[in-house]
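Worksheet: one structure, shown below.
The values are calculated or read from the model by the stated rules, or taken from the named source; none is laboratory data. Just so we're clear, the structure is a prediction, and the values are computed from it rather than from any experiment. Counting neighbours? That spans all protein chains shown, and the Cβs are built from the backbone with ideal geometry, glycine included.
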Amino acid sequence: MTTILWFKRDLRISDHPALALAAAGEGAVLPLYIVEPEYWALPDTSARQWRFTAECLATLGRDLAALGAPLQVVTGDAIQVLRDLVACHGATRIISLEETGNLWTFRRDLAVGAWARGNGIDWVELPQSGIVRRLRNRDGWAAARDKVMRAPLVATPAALRGLDGMAPCAVPDARDLGMGFDPCHGRQKGGRDLALSTLGGFLTERGRDYRRAMSSPVQGEWACSRLSPYLATGVISPREAAHAAAARKAEVAGARDGWSGSIASFTSRLAWRDHFMQKLEDEPAIEIRCLHSAYETLRPRAPDATRLAAWEKGETGLPFVDACMRFLVHTGWLNFRMRSMLMAVASYHLWLDWRSTGPHLARMFTDYEPGIHWSQCQMQSGTTGMNTIRIYNPVKQGYDQDPTGAFTRKWLPELAGVPDRFLQEPWLWDRADGLLGRKYPAPVVDAKAAGAAARDAVWGVRKGDAFGRESARVIRKHASRKGGAAHVAKGRSLRKSSGKASAGQMSFEF
């Protein structure tokens, strides 16, 4: 009996329940990764993501070959690929880890499941993190998730019984898949070895100032864990990261050098990661529908093309916003606070629907994780009906997070001659006439006026009993049961805020 071991967003051999189950069987194991052209043509995927994935596949292939079963990388439709392999090798079982991906992968898995059932194929899907499939409600979820994270790592089998005559397969290039030009010169490189060195470097060297430095795009590039793309492709498991953090926490216990607090914050964000991914697992339509239906028609579904293009290119005329976008386009990464700001400015100041802006950010993020991304797009756009509305002041953020102006000047060389006191507001400079509209665009909106108008419009929706009743439904299904959940249920957290964002609301990256 041959078992197909289907890898998706779990490109590792360590702490891999599906691999362990396949190895424990009596027959041969065929490790498989399917390159699905239709998926890689979606508006939320990009060549930078594929190239990172391909690098992860290279180390996975190496590790599987060492176990005795070379990885088969096959391009095509998932059902057709699986059908062909079943017919060729007489496979009767498919084993994989559960995937919480975008709506396309959700529908693909439904189709694969229907095909498998209709053809007598046993498809076994196993959880790979604290995400719970078919969860009824969030009561007790956090404790159950923490228990999973504390459980021992799944042992890697000493060997696999591979099929005779199988050789390693080449991994196609982005150009082979017809993917568009996507230069990302500062992109992180993929692979298991780099994931482990990144984790080790963070926990022993870079992460000391994590809690303090994570909000800055300058310091965060070094001080943040930078594990997010490795977790997104599954080249390292969340439990591996949690165990490593716990071991380091024990080593630094009692020290007053910042390490304990930083590791606690990192561990908390690992939990937040699962919390947001559980939202998408529970409600896949989060990718296409507002969590609270009252916001469906708040913003025009057809975006203002000029504003959207300016935002995507980093040419809004709001210097810190543009610097952050250009940095993201170049590197494929941005710290969590600035990701939130980019989405908030697009949604509030530029009044663009999150379904128009979300795909661009998804493409730019090498670490695109649908479960986090779409929940955060809605949260930072004020469409959940249960989170406090936070409207960033993009000028103030520039002064606060880039006090020396070094980051802004690096990514906006057009502003090299602007004095420091006008760098985030060049329109106030008395020599701006020779700059704005020529070397650098004038602001596409008045940030202060646009922010005030957006606040009034979004809060104006939150009136009436009907809004509150639907909010209660959203809270019951999606709200965390830790901390202030009871306050949320009573509507207390729906009051207008000062605009300060808490770390828990911006868990795009950690």
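Each row is one residue, and each column tells you yes or no for (1) in contact with a helix residue (DSSP H, G or I) (Cβ under 8 Å, 6 or more places away or on another chain); (2) surrounded by 22 or more Cβ atoms within 10 Å (Cβ to Cβ); (3) farther than 19 Å from ALA362 by Cβ.
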| residue | (1), (2), (3) |
| --- | --- |
| CYS224 | yes, yes, yes |
| TYR230 | yes, yes, no |
| VAL252 | yes, no, yes |
| SER265 | yes, no, yes |
| ILE286 | yes, yes, no |
| THR306 | no, no, yes |
| ALA309 | no, no, no |
Exercise for review: Return yes when PHE7 is surrounded by 23 or more Cβ atoms within 10 Å (Cβ to Cβ), outside the structural domain of ARG289 (by TED's automatic domain parsing) and in contact (Cβ under 8 Å) with a residue 12 or more places away in the chain and no when it is not.
Suggested key: yes
Check your understanding: Here is a list of conditions, (1) at pLDDT 95 or above; (2) in contact with a Lys or Arg (Cβ under 8 Å, 6 or more places away or on another chain), and GLY27 meets all of them except one; can you say which number that is?
Key -> (1)
Point to revise | Residue within segment 162-184 that is out of contact with any Gly (no Cβ under 6 Å at 6 or more places or on another chain), of a type in the set (Phe, Trp, Tyr) and either in the same structural domain as LEU42 (by TED's automatic domain parsing) or under 27 Å from GLY101 (Cα atoms) (or both) present | key: yes
**Study point:** Segments classed as helices (runs of 4 or more DSSP H), wholly inside segment 211-281, with at least 1 members that are over 19 Å from the mean Cα position of the chain (by Cα) and either more than 24 Å from LEU57 (Cα to Cα) or not acidic (Asp, Glu) (or both)
**Key:** 217-223, 238-251
Point to revise | Selection from segment 377-404 of residues that are surrounded by fewer than 21 Cβ atoms within 10 Å (Cβ to Cβ), free of Cβ contacts under 8 Å to residues at least 40 places away in the same chain and within 28 Å of ALA362 (Cβ to Cβ) | key: LYS396, ASP400
Exercise for review: Within segment 405-433, count every residue that is free of Cβ contacts under 8 Å to residues at least 12 places away in the same chain, in a loop (DSSP other than H, G, I, E, B) and either within 34 Å of the chain's Cα centre (by Cα) or closer than 16 Å to ASP322 by Cβ (or both).
Suggested key: 1
Check your understanding: Within the set of pairs 6+ apart or on separate chains, which have a first residue in segment 119-147 that is under 15 Å from ARG273 (Cα atoms), a second that is part of a helix (DSSP H, G or I) and among the polar types (S, T, N, Q), and C-beta atoms under 6 Å apart?
Key -> ILE131/GLN278
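Going residue by residue through segment 138-145, is there one that turns out to be surrounded by 15 or more Cβ atoms within 10 Å (Cβ to Cβ), under 26 Å from ALA28 (Cα atoms) and not assigned by TED's automatic domain parsing to the domain that holds PRO238?
First pass over segment 138-145, keeping only residues surrounded by 15 or more Cβ atoms within 10 Å (Cβ to Cβ): 138, 141-142, 145.
This time we only want the ones that are under 26 Å from ALA28 (Cα atoms), so: none.
Within segment 138-145 (the criterion being surrounded by 15 or more Cβ atoms within 10 Å (Cβ to Cβ), under 26 Å from ALA28 (Cα atoms) and not assigned by TED's automatic domain parsing to the domain that holds PRO238), the answer is no, since none of the residues qualifies.
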Check your understanding: Under 7 Å by Cβ, and 6 or more places apart or on different chains, what pairs join a residue from segment 165-176 that is farther than 20 Å from GLU38 by Cβ with one that is in a loop (DSSP other than H, G, I, E, B) and not small (Gly, Ala, Ser)?
Key -> MET166/PRO70; ALA167/PRO70; PRO168/PRO70; PRO168/LEU71
Practice item. Considering every residue within segment 437-453, establish whether at least one is over 23 Å from VAL329 (Cα atoms) and touching a Ser or Thr at 6+ places or on another chain (Cβ under 7 Å). Key: no
Check your understanding: Any residue in segment 40-56 that is assigned to a helix (DSSP H, G or I), over 30 Å from GLY332 (Cα atoms) and modelled with pLDDT of 95 or more?
Key -> no
**Study point:** Search result, residues across segment 64-123 that are among the acidic types (Asp, Glu) and either closer than 30 Å to ARG355 by Cβ or buried (at least 19 other Cβ atoms within 10 Å of the Cβ) (or both)
**Key:** ASP77, GLU98, GLU99, ASP109
Check your understanding: Is there a residue in segment 451-467 that is modelled with pLDDT of 95 or more, within 30 Å of the chain's Cα centre (by Cα) and part of a loop (DSSP other than H, G, I, E, B)?
Key -> no
Point to revise | Selected residue [in a helix (DSSP H, G or I) and of a type outside the set (S, T, N, Q)] from LEU21, LEU11 | key: LEU21
Study note, to complete from the structure: Contact list, first residue from segment 279-298 and more than 14 Å from VAL474 (Cβ to Cβ), second anywhere and among the aromatic types (Phe, Trp, Tyr), beta-carbon distance below 6 Å, six or more apart or interchain, is PRO284/PHE106; GLU287/TRP374
Check your understanding: VAL112 passes all but one of (1) more than 30 Å from HIS275 (Cβ to Cβ); (2) part of a helix (DSSP H, G or I); which number fails?
Key -> (1)
Review point. Looking at segment 391-404, which of its residues are within 20 Å of ALA450 (Cβ to Cβ), hydroxyl-bearing (Ser, Thr, Tyr) and in a loop (DSSP other than H, G, I, E, B)?
Key: TYR392
Review point. For TRP104, are the conditions met, namely being in a strand (DSSP E or B) and within 20 Å of ALA232 (Cα to Cα)?
Key: no
**Study point:** HIS373, sole failed condition from (1) of a type outside the set (A, V, I, L, M); (2) out of contact with any Cys (no Cβ under 7 Å at 6 or more places or on another chain); (3) closer than 19 Å to LEU280 by Cα; (4) in a loop (DSSP other than H, G, I, E, B)
**Key:** (4)
